[in-house]
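The values are calculated or read from the model by the stated rules, or taken from the named source; none is laboratory data. Predicted model, so just to flag it, every value in this text is computed and none were measured. Don't worry about glycine lacking a Cβ; one is built from the backbone with ideal geometry, like all the others, and counts go over all protein chains shown. Protein only, heavy atoms only, side chains kept; ligands, DNA and RNA dropped before computing areas. Shrake-Rupley method; radii C 1.70, N 1.55, O 1.52, S 1.80 Å.
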Amino acid sequence: MDTPASTSRRSVMRARLSRQWLVQRFSLSPSFRYDKRVIQRAKDAIKHLGDPTLRPAAVMIALTERNGELQVLLTKRASHLKHHPGQIAFPGGKVEKSDADIVEAAIRETVEEIGVSVQRDELLGCLPPLPTVSGYLVTPVVAFVDPEYRPMLDPNEVDSLFEVPLAQFLRRDAITTQPFLVRGKTYHIYAMSYQQHLIWGVTAQILHALGQQLSLN
């Protein structure tokens, strides 16, 4: 049963996680360094692939404000995809030669995958690039989108689109590490559950990094 204290804490959290608060906090906070164990797993996987070249890619951390509370847009990848089918992810993909920069790549991929436009003047900033086990160097781009957006999903890429309150990811210990044995070595992979969704891997790692940068965890 809710108590006055718990209700008060939720009200404070909603106020703190408004767009205005995030703009101020993000701008004043130093970038967070990713978990060395996760970086090592990526390095080991890239070495196993035999190609040390990391291909640039970008994902969009799209945020929209509803009733004073920020929501994160996430996708469920199509089940027929060769790589990471059915996983929860941000809109995004590799940088094309036609892209002027990382931000343009993230904006283009967001439009192509979910039909949501992102304006450059709504850009908040970027998190540090993150190497992945698939050989990409992924830069997360953080931006706001119109809460009245009308998604148009590409069925070749995306099965569904949903929103999660940003506060869910920023709760203390919401995102934890789980040990996995890969080719005889134990690695730690970030993961968390939300409703029927399991959010893990790169997506969870990026959300964890955002929470650490905001100094809420």
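Numbers for the structure displayed
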| quantity | calculated |
| --- | --- |
| Members of region 72-93 that are in contact (Cβ under 8 Å) with a residue 60 or more places away in the chain, part of a strand (DSSP E or B) and either within 13 Å of V202 (Cα to Cα) or open to solvent by less than 10 Å² (accessible area, probe 1.4 Å) (or both) | V72, L73, L74, T75, I88, A89 |
| Cross-chain or 6+ apart pairs with Cβ under 9 Å, region 98-127 first and in contact (Cβ under 8 Å) with a residue 12 or more places away in the chain and within 21 Å of L22 (Cβ to Cβ), then open to solvent by 50 Å² or more (accessible area, probe 1.4 Å) and aromatic (F, W, Y) | L127/F32 |
| Residue list for region 58-71, filter: buried (at least 19 other Cβ atoms within 10 Å of the Cβ) and either in contact with a helix residue (DSSP H, G or I) (Cβ under 6 Å, 6 or more places away or on another chain) or not in a strand (DSSP E or B) (or both) | A58, M60, L70 |
| For S134: the one exception among (1) out of contact with any Pro (no Cβ under 8 Å at 6 or more places or on another chain); (2) surrounded by fewer than 18 Cβ atoms within 10 Å (Cβ to Cβ); (3) assigned to a strand (DSSP E or B) | (3) |
| Number of positions in region 95-123 that are open to solvent by less than 30 Å² (accessible area, probe 1.4 Å) and in contact with a Phe, Trp or Tyr (Cβ under 6 Å, 6 or more places away or on another chain) | 1 |
| Contacts under 6 angstrom Cβ, first residue in region 173-198 being at pLDDT 80 or above, partner open to solvent by 30 Å² or more (accessible area, probe 1.4 Å), 6 or more apart | T177/H188; I189/Q178; I189/F180; Y190/T177; A191/Q178; A191/W200; Y194/Q168 |
| Selection count where residues are modelled with pLDDT of 90 or more and over 25 Å from A105 (Cα atoms), scope region 42-66 | 1 |
| Positions within region 191-202 being assigned to a strand (DSSP E or B) and open to solvent by 70 Å² or more (accessible area, probe 1.4 Å), in sequence order | S193, L198, W200 |
| Evaluation of P151 against (1) under 20 Å from A106 (Cβ atoms); (2) crowded, with 19+ Cβ neighbours inside 10 Å; (3) without any contact (Cβ under 8 Å) to a residue 40 or more places away in the chain (one fails), failing number | (2) |
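One line per residue, one yes/no per condition, for (1) open to solvent by less than 20 Å² (accessible area, probe 1.4 Å); (2) assigned to a strand (DSSP E or B):
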residue	(1), (2)
N156	no, no
F162	no, yes
R172	no, no
T186	no, yes
I189	yes, yes
I206	yes, no
